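No value in this document is a laboratory result; all are computed from the given coordinates. These numbers were taken from a predicted model, which means no experiment stands behind them. Neighbour counts run over all protein chains shown; Cβ positions are idealised from the backbone, glycine included.
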Amino acid sequence: MNISYSFQIYNNTTSLPATWDTLAIDNIFLSREYLEVLEKSAPTNMICHYIGLFKDSDLVGIVLTQFLDSNKLESFGERDQCLKTSVRNFTFKKFASHVLFVGNNMLTGQNAFSFSDKIIKTKAIKLMHKGVNALKKDFKSKGKKIHITTIKDFSATEIDLLSTEFKKGYTFSIQPNMVFKIDENWKSEEDYINALSKKYRDQYKRTRKKAIGIEKRKMKLSDIIAFEDTIYELYHHVAQNAPFNTFFLAKNHFRVFKEKLQGNFLFYGYFIDEKLIGFNTLIKNGTSMDTYFLGYDESIQRERMLYLNMLYDMIAHSINKGFSEIIFARTALEIKSSVGAKPIKMYGLITHSNALINHNIAKLFNYLEPKSDWQERNPFK
């Protein structure tokens, strides 16, 4: 009996197959409700597509892609104003402004695809590759040539499997994913504090003292809507001061997130005298807690150690609610390390459409990717 394999590209969530969510059961970031968030409030320079993989008429694989047009960006990040930055920005616009991500550029981790056990993984990857190539052709026919195709955030064994299919890709490793593993014996924040060495217990006490007078509030949808302008200002300030950006969130992003994910999306505001001075967000993803975007008033953050207080709050909440780990992602590596997060090496593949550039992609990539030197800490006894 002949088995036929096929793929289908979808450009909106309403047309997704009815069984889509059965393959997203282990990852909220591939679920229909999360993809609806992207659809309704993606960054202005992002277009999402979804690929379904089929074995006969059975859906056996789901894939997320994001097309980013960085020509539509107001800036790539304003922290490093120097010649290298302006050269990098010119190079980026000229040779790397149309990027197709297989996966999610807004998150850290394997959020690219999920395959059913009804299909052999190598077969699924081959089929996914065909779907990605068809999507690239589609973009080209609309006058948007894809410069760079990238698939990221995999373990060493997973990337080996992918690179046998995506043969022209250069394997890269950028900043690690900072993951905080929660000891199964910890039942409260107190257990975490007791596990810290004296130096880091002192850091904890000093940080908490600085937060006296700051009120932390769990914000409902109506609160997020009421403070939307301030929330966006606080987020935008932090985003603009990042060393490198490929997108900026839409203003309604957090509101839509709360509408769609409800209790799985947590939004915490930090107030002084009823004025919102910072916020952070968390997403429940099975037994993992994913940290998401945050924002703060820089002057208050420095004086009150607001960022470090937020990290401690996220740890306390995740322990209290019985999560097994916190995905702290890949910014502020040293400070996250100082609270107990460990670096997990992640790999990706990158291919350029120009054969000559692709031959030298390693050099170009290392030039475009901002480097970060940091020292790993171990805060535990």
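See the values below:
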read-out	value
Greater than 28 Å apart at Cα, pairs in LYS199/LYS275; LYS40/LYS137; LYS209/LYS381; LYS220/LYS284; LYS181/LYS210; LYS152/LYS209	LYS199/LYS275; LYS152/LYS209
Förster-model FRET efficiency, 51 Å R0, GLU334 and LYS167, C-beta, rounded to 0.05	0.90
Charge dipole of the chain about the Cα centre (unit charges at C-beta), most positive-ward option of PHE54, ASN71, LEU38	ASN71
GNM top mover of GLY278, GLY213, GLY131 - the chain, alpha-carbon springs below 10 Å	GLY213
Average projected area [Cα convex hull, the range 84-230], square nanometres	16.5 nm²
Residues of type aspartates and glutamates that LYS167 reaches as a straight line, Cα spacing below 20 Å, ignoring anything fewer than 8 places off in the same chain	ASP153, GLU158
P(r) tail fraction, the chain - alpha-carbon pairs more than 40 Å apart, %	16 percent
Whole-Hz couplings from phi, Karplus 6.51/-1.76/1.60, listed for the range 165-172; x for Gly and Pro	9, 8, 5, 7, x, 8, 7, 10
Debye log10 I(q)/I(0) for the range 97-144, one point scatterer per Cα, at q = 0.13, 0.25, 0.27 Å⁻¹	-0.40, -1.01, -1.06
Surface/4 estimate of mean projected area, convex hull on alpha-carbon atoms of the range 277-368, nm²	8.4 nm²
Normalised alpha carbon radius of gyration of the range 271-324 [divisor 2.2 N^0.38 Å]	1.25
Spin-label model distance (nm) - ILE272 vs SER222, 7 Å beyond Cα toward Cβ	2.8 nm
FRET efficiency, ASN354 to GLN8 (Cβ-Cβ, R0 30 Å, nearest 0.05)	0.55
Angle in degrees between helix 306-320 and the longest Cα principal axis of the chain, rounded to the nearest 10	80 degrees
Of ASN185, ASN177, ASN360, the one that fluctuates the most in a GNM where the chain has Cα springs shorter than 10 Å	ASN185
Within-14-Å neighbourhood charge of ASP117 [Cβ basis; K, R +1; D, E -1]	+2
Cα→Cβ-extended label distance, 7 Å offset, between HIS236 and ASP138, nm	3.2 nm
Net charge dipole size for the range 139-193 [Lys, Arg +1 and Asp, Glu -1 on Cβ; Debye, nearest 20]	1020 debye
Lys, Arg +1 and Asp, Glu -1 on Cβ, resulting dipole of the chain about Cα centre, debye, nearest 20	880 debye
Residue with peak Gaussian network fluctuation, the chain [Cα springs, cutoff 10 Å], from GLU274, GLU33, GLU259	GLU274
Whole-Å semi-axes of the ellipsoid equivalent to the range 218-314 (Cα gyration tensor, √5λ, descending)	19, 15, 15
For peptides 136-146, 292-302, sequence by mean Cβ density within 10 Å, most packed first	292-302, 136-146
Hypothetical label at SER57: residues of the range 1-29 whose amide nitrogen lies under 20 Å (7 Å Cα-Cβ projection)	1-10, 15-23
LYS118/ILE344 FRET efficiency (R0 25 Å; Cβ-Cβ; nearest 0.05)	0.25
